[in-house]
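Visitor: Sharing a structure with you now.
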Amino acid sequence: MTKARLLRLSVVLVSIFMILLIIVYWDNVGTAHFYLHTSFSRPHSPGGIPGIAAGEDWEALPDVDEFLAKLLSSSLKQNSSIPRKTEQLLVQGSIKPVVSNLEENVRGYDWSTHNDRNSLDQEKLQIERQRTLREFCANSSFTFPTKERSFDDIPNYELNHLIVDDRHGVIYCYVPKVACTNWKRVMIVLSESLLDQGVPYRNPLDIPREHVHNTSTHLTFNKFWRRYGKFSRHLMKIKLKKYTKFLFVRDPFVRLISAFRSKFELENEEFYRRFAIPMLKLYSNHTNLPTSVSEAFGAGLKVSFSDFIQYLLDPRTEKMVPFNEHWRQIYRLCHPCQIDYDFIGKLETLDEDAAYLLQLLKVDRLLRFPPSYRNRTASSWEDNWFAKIPLAWRQQLYKLYEADFVLFGYPKPENLLKD
């Protein structure tokens with residue numbers, strides 16, 4: 001009887017070992033090479049972990065996380081050894097790419113290298129930013145929604161902003177209106193998740209915007225469940241522990257102004273239908289609005305900044321649907337009190353932070369971060385934009401975004417919050 005049990009146990013352990021090997025191999029090797037056979041990256045076929053019968057108890061497995069961590073570490077070492085010739089090609093290809101997109105031509109990219117700018121002590125800056133974040137996350141007197149929950153409590157759909165690059169061991173949480181288009185481009189180049197005529201992109205700015213923001217282009221945490229089933233959280237935690245995690249943030253009020261300018265001052269059909277029409281009806285008393293944004297703009301029907309602020313403060317707004325990602329709070333997108341970020345960049349110091357981060361990731365020889373554009377929404381515009389917003393609204397708005405101000409070290413805008 002004892003021999004039979006030992007035999008069954010041996011079979012189970014061997015099976016589990018093989019399954020884990022398959023998972024890690026496919027996750028690291030498969031994602032790196034699967035794209036060689038496709039012209040456009042797509043997620044792997046949905047489904048749970050192959051070979052695991054329903055009802056098997058993974059919790060009974062001893063040291064599963066430790067075992068997976070060792071396998072993942074060894075796979076990362078293999079992936080990080082990029083052939084020398086490939087590296088040289090990437091360096092050659094990353095010299096001042098041609099900007100072909102009309103929107104980016106209009107924006108006017110600044111190609112200067114900024115070498116003569118005052119250099120920041122980046123290491124000390126990162127220590128200070130991380131210290132501020134950790135202190136307020138640990139401060140029980142500073143509260144905001146979702147602060148106290150654990151990583152396991154975060155719903156899967158709220159992990160859709162965490163982009164994973166298994167080739168270099170990098171996780172990036174993207175925040176809309178904080179240079180996320182170009183950071184997504186960088187992640188595409190690093191992960192080789194998108195091909196141009198059978199060859200991975202080498203220059204970030206060569207990647208068309210419509211591909212950059214296509215969700216199928218990126219491997220994100222919310223896709224893990226379809227690939228690994230109930231084992232997905234184990235893999236997420238291991239990657240969060242082993243990989244370099246970064247995000248870029250921005251002054252919350254300036255980010256709101258930027259979102260408003262981008263989505264409501266320019267003709268945007270999707271945002272007009274989903275957001276502008278309800279705002280114009282609710283806060284400007286318009287009826288019988290045009291069905292297309294071009295007709296509305298032609299008739300002078302545009303959402304005002306005041307309409308937008310009322311929409312954000314209206315308690316009915318999120319009862320119908322969560323905030324759109326372009327104005328959703330950063331702490332809700334990236335979960336900084338549940339995820340221990342290794343690098344916190346800021347749009348206000350984008351050039352210096354980006355250069356330093358690429359050095360830390362040891363990919364600065366592979367590519368350059370695309371240059372910033374000159375007409376970026378400036379913090380000095382805040383007074384003008386909020387001049388016609390009632391004081392009570394400004395104070396309510398600050399409370400709504402207070403966690404982002406505090407966690408990421410942005411000063412309280414006292415000039416906007418007092419008469």
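Visitor: Is segment 113-247 best put as rounded, prolate or oblate by its Cα gyration tensor, with a ≥ b ≥ c the root eigenvalues, rounded for a/c under 1.5, and otherwise prolate when a/b is larger than b/c, oblate when not?
Guide: Cα axes put segment 113-247 in the oblate bin.
Visitor: Taking the Cβ-Cβ separation of HIS286 and ARG365 as r and a Förster radius of 45 Å, what is the calculated FRET efficiency to the nearest 0.05?
Guide: In this case the efficiency is close to 0.25.
Visitor: Quick one: of LYS245/LYS362; LYS346/LYS388; LYS124/LYS362; LYS124/LYS184; LYS302/LYS388, which pairs are farther than 23 Å apart, Cα to Cα?
Guide: Checking Cα-Cα distances, LYS346/LYS388; LYS124/LYS184 exceed 23 Å.
Visitor: With 19 Å as the cut-off, how large is the P(r) tail for segment 167-226, expressed as percent of Cα-Cα pairs?
Guide: Here the long-distance tail beyond 19 Å is 25 percent of all Cα pairs in segment 167-226.
Visitor: Express in Å², to the nearest 10, the accessible area of ARG273 obtained by rolling a 1.4 Å probe over the protein heavy atoms while all chains stay in place.
Guide: Counting only protein heavy atoms, the figure is 140 Å².
Visitor: Taking the Cα centroid of segment 286-315 and of segment 197-238, what is the distance between the two, rounded to the nearest whole Å?
Guide: For segment 286-315 versus segment 197-238, the Cα centre distance is 34 Å.
Visitor: Points 7 angstrom from Cα along the Cβ direction at ARG261 and GLU210: gap in nanometres?
Guide: 2.6
Visitor: Moving on to the next point. For the pair ASP419 and LEU195, what calculated FRET efficiency results from E = 1/(1 + (r/R0)^6), where r is the Cβ-Cβ distance and R0 = 56 Å, to the nearest 0.05?
Guide: Efficiency for this residue pair is about 0.45.
Visitor: Under 14 Å from the Cβ of ARG131, count the other residues' Cβ atoms, weight Lys and Arg +1, Asp and Glu -1, and hand me the total.
Guide: Around ARG131, the charge tally is -2.
Visitor: Could I ask something else about it? Along the charge dipole of segment 151-221, which of ILE188, PHE151, ILE163 sits closest to the positive end, that is, farthest toward it, with unit charges on the beta carbon of Lys, Arg, Asp and Glu (+1, +1, -1, -1)?
Guide: Towards the positive end, the residue furthest out is ILE188.
Visitor: Something else about it: Keeping all protein chains in place and using 1.4 angstrom, which order do VAL321, VAL303 fall into by accessible surface area, from largest down?
Guide: VAL321, VAL303
The values are calculated or read from the model by the stated rules, or taken from the named source; none is laboratory data. These figures come from a predicted structure and were not determined experimentally. Neighbour counts run over all protein chains shown; Cβ positions are idealised from the backbone, glycine included. When the accessible area is computed, the model is the full protein with side chains, heavy atoms only, and any ligands, DNA or RNA have been set aside. Shrake-Rupley method; radii C 1.70, N 1.55, O 1.52, S 1.80 Å.
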